[in-house]
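*Asks:* Just passing along the structure, written as structure tokens.
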Amino acid sequence: KWKSPKPQGNNLRAVTIVDNNKFYAVGYGGTIVYTENGGTTFSVTHYVNNFIKSLNDCGNFPGTNTHIAVGDDGGYFKSSDYGKTWMHLNDIGLPENFTIKTIHFIDENNAFIAGSEGRVYKTTNAGNNWSNLTTPLTGTISTINFYNSQIGWIFDEYLYATTTNGGSNWQWKFNLPA
């Protein structure tokens, strides 16, 4: 039974399952919880690399051991050992004050991240560098999802936008209640 505060006491925001035994979760206070034995024991890291903000999402490039954890105020971490250890990366095309809320992986090289101020970034080299994509949204994008490498959606608090060309252009829509 897993009851707070065991194995730790911070809210967790996302989890990635690596295989039957390995998984990790990320959350408040730069927390990363990792297990290699299906959850029998956990390794808990608070303030990963002195990062004290929230980690909001995580995942991996399909078919690789490259994992990404993203968060508030420039929180961008990369792991090459299935989430066991993490490095904070700078100078990769992301602004320091950018709050990243969500990440979506397309394949072993391509992914999108989105967050504050309607910002979306794309990588084509497994997260080593990111390029800014212009969107019509200005709120915090909390969801990004792609059907394939070309067709995708982003959602902020009030609107959503779609792309049919891999994020090069976005068409905004109203998110009206039913």
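Where a number appears in this text, it was derived from the coordinates with a stated rule and is not lab data. Just so it is clear, the structure is predicted and the values come from calculations on it, not from any experiment. Using ideal geometry, Cβ is built from the backbone for each residue, glycine included, and neighbour counts are taken over all protein chains shown.
*Asks:* Taking each pair of different alpha-carbon atoms in the chain once, compute 1/r for the pair, average those values, and report the inverse of that mean as the Kirkwood hydrodynamic radius in Å to one decimal. If you can, show how the numbers build up before the last one.
*Replies:* Working: mean 1/r = 0.0604 Å⁻¹.
Result for the chain, one decimal place: 16.6 Å.
*Asks:* What do the square roots of 5 times the Cα gyration tensor eigenvalues come to for the range 79-166, in whole Å, largest first, as semi-axes of the equivalent ellipsoid?
*Replies:* Listed largest to smallest, the semi-axes of the range 79-166 are 22, 16, 11 Å.
*Asks:* What are the aspartates and glutamates whose alpha-carbon lies under 12 Å from the alpha-carbon of K101, with same-chain residues fewer than 8 places away excluded?
*Replies:* Within the straight-line limit of under 12 Å, K101 reaches these aspartates and glutamates: D57, D72, D73, E117, D156.
*Asks:* List the relative contact order of the chain as a percent without decimals, with contacts defined as Cα pairs under 8 Å and 6+ residues apart. Walk me through the numbers before you get to the answer.
*Replies:* Values: 473 pairs, mean separation 20.3, N = 178.
Value for the chain: 11 percent.
*Asks:* Separate question: Can you work out the FRET efficiency for the pair Q171 and N20, with r the C-beta to C-beta distance and R0 = 30 Å, to the nearest 0.05?
*Replies:* Working: r = 42 Å, r/R0 = 1.39.
Taking R0 as 30 Å, the efficiency between Q171 and N20 is 0.10.
*Asks:* Can you work out the Karplus-derived ³J(HN,Hα) for every residue in the range 54-61? Use 6.51 cos²θ - 1.76 cosθ + 1.60 with θ = phi - 60°, whole Hz, and x for glycine or proline.
*Replies:* Karplus values, whole Hz, x for Gly and Pro: 7, 8, 9, 7, 7, x, 9, 6.
*Asks:* Something else about it: Applying 1/(1 + (r/R0)^6) with R0 = 25 Å to the Cβ-Cβ distance of T162 and T138, what FRET efficiency is obtained, to the nearest 0.05? Walk me through the numbers on the way to the answer.
*Replies:* Working: r = 17 Å, r/R0 = 0.66.
After rounding to 0.05, the efficiency reads 0.90.
*Asks:* Compute the whole-percent fraction of alpha carbon pairs in the range 1-98 spaced more than 16 Å apart.
*Replies:* On the way: 2458 of 4753 pairs.
Everything past 16 Å amounts to 52 percent.
*Asks:* Another question, if that's okay. Too long at a 30 Å Cα-Cα cut-off: which of K53/K84; K78/K173; K22/K173? All intermediate terms of the calculation are to be shown ahead of the outcome.
*Replies:* Numbers: K53/K84 20 Å; K78/K173 33 Å; K22/K173 40 Å.
Listed pairs above 30 Å: K78/K173; K22/K173.
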